[in-house]
Amino acid sequence: MGQNRETFEAVREADLTLATIGWRLAVSNAPLCDRLEPGIGLQLHTPDQFDSASRTAAQAHFGFATPVAVEGVIAGSPAERAGLRRDDSLVRVGSVDIAALPGKPATTQRLVATQLAIAALAPDAPVEVEAIRAGVPVKVTIQPVPACRTRFELLLGSSYNASADGTMVQISSQFLEEYTPDQVAAAVAHEFSHNILHHRDRLEARGVDFGMLSGFGANVKYFRQTELQADLLSVYLLANAGYSPHASIDFWKRFGPSKAGGIFRSRSHPHWRDRVATLEAEIAKLETISARPMIPSLIAERSQPLSGDWQSLLIRKK
Ligand SMILES: [Zn+2]
């Protein structure tokens, strides 16, 4: 595959860009979440997530001394304050013994297992981390901050993809290449909203078949409701995290007209022009609120079954 230094470092930078966006959203909006994890601020990677053609080069480039290493440390995070650094190889994170986690070559199994095990630790108890830095053992204690529980995953490739499955937000690298960081944050905030509002669970409770995806029959109203709810919550997530909520409008004005087909244009999703009108109305509302974080009523309603009422949420473009 001919991976070289520049490629590895470009992927590292892109991973860290997404991780930083996810971090800002997840920590600032922790009061809106009922599923929390300890926010420590580490972006991790593993040698076995590389394919066999590039694994040796990746091993040499990053110098993995254990099966999981720090790909990057988020600026201003507890991990940075505790003194952890990129390319530290992890031995133990709290009670999580890194070597004991399962991993298969050419998969992200070990990465995901590590992220889930760390996410299951207490959200605000100190975490002792043992690592190896340039062959030397290092031990630090991180004081985490509560963060909404979601993994953020960058999908490498040249197509536009964004999805949320309840525990993960995935977005393709193409967005990072073509859109501004604030616009990417808007797309991430929309997907993140699905997880915060438990949409996957609530759709399943309505008997929605994800195998059929979204476009058919009685399911359409539930998908539309969740899409509009995710749009509405996304502007609060952005504002709470210090982004301009208008980034969501910038995103749709750019993405909407240019991308035919794909997940954003299925029948379950309202027309992008109506989404923009709906976002504009909600932003006008939230700009009258000075409290931070802002907690919209959608949060209290997430324990209720989906009603399928999307019409009352949508504001049509005049
Ligand atoms: Zn969506």
Quick one: what are the phi-derived ³J(HN,Hα) couplings along region 302-310, Karplus 6.51/-1.76/1.60 with θ = phi - 60°, whole Hz, x for glycine and proline?
-> 5, 7, 8, x, 5, 8, x, 7, 9
Compute the distance in nm between two label points, each set 7 Å from the Cα along the Cα-to-Cβ direction, one at Thr141 and one at Asp165.
-> 3.7
Amide H proximity to Glu153 below 5 Å, modelled H, separation 5+ or other chain, gives Val169, Gln170, Ile171
Taking H as built 1.01 Å from N, whose amide H comes closer than 5 Å to the amide H of Glu128, not counting residues under 5 places away?
-> Gly94, Ile142
Work out from phi, with θ = phi - 60° and the Karplus expression 6.51 cos²θ - 1.76 cosθ + 1.60, the ³J(HN,Hα) of each residue of region 132-137, listed in order in whole Hz, and give x for Gly and Pro.
-> 10, 10, 6, x, 10, x
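If you roll a 1.4 angstrom probe over the protein chains with everything in place, what fraction of the accessible area of the chain belongs to carbon and sulfur, to the nearest %? Display every interim value, and only then the final one.
Working: 7510 of 14080 Å².
About 53 percent, which is the carbon plus sulfur part of the accessible surface.
Using only the alpha carbons of the chain, what is the convex hull's orientation-averaged projected area in square nanometres?
Values: hull surface 66.7 nm².
Orientation-averaged projected area of the Cα hull: 16.7 nm².
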Which FRET efficiency value, to the nearest 0.05, is calculated for Lys104 and Ile289 with the Förster distance at 45 angstrom and r the Cβ-Cβ distance?
-> 0.40
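The values are calculated or read from the model by the stated rules, or taken from the named source; none is laboratory data. No experiment lies behind these values; they were computed from the predicted model shown. As a convention, Cβ positions derive from the backbone with ideal geometry for all residues, glycine included, and neighbour counts pool all protein chains shown. Areas reflect the complete protein model, heavy atoms only, side chains present, ligands, DNA and RNA absent. Shrake-Rupley method; radii C 1.70, N 1.55, O 1.52, S 1.80 Å.
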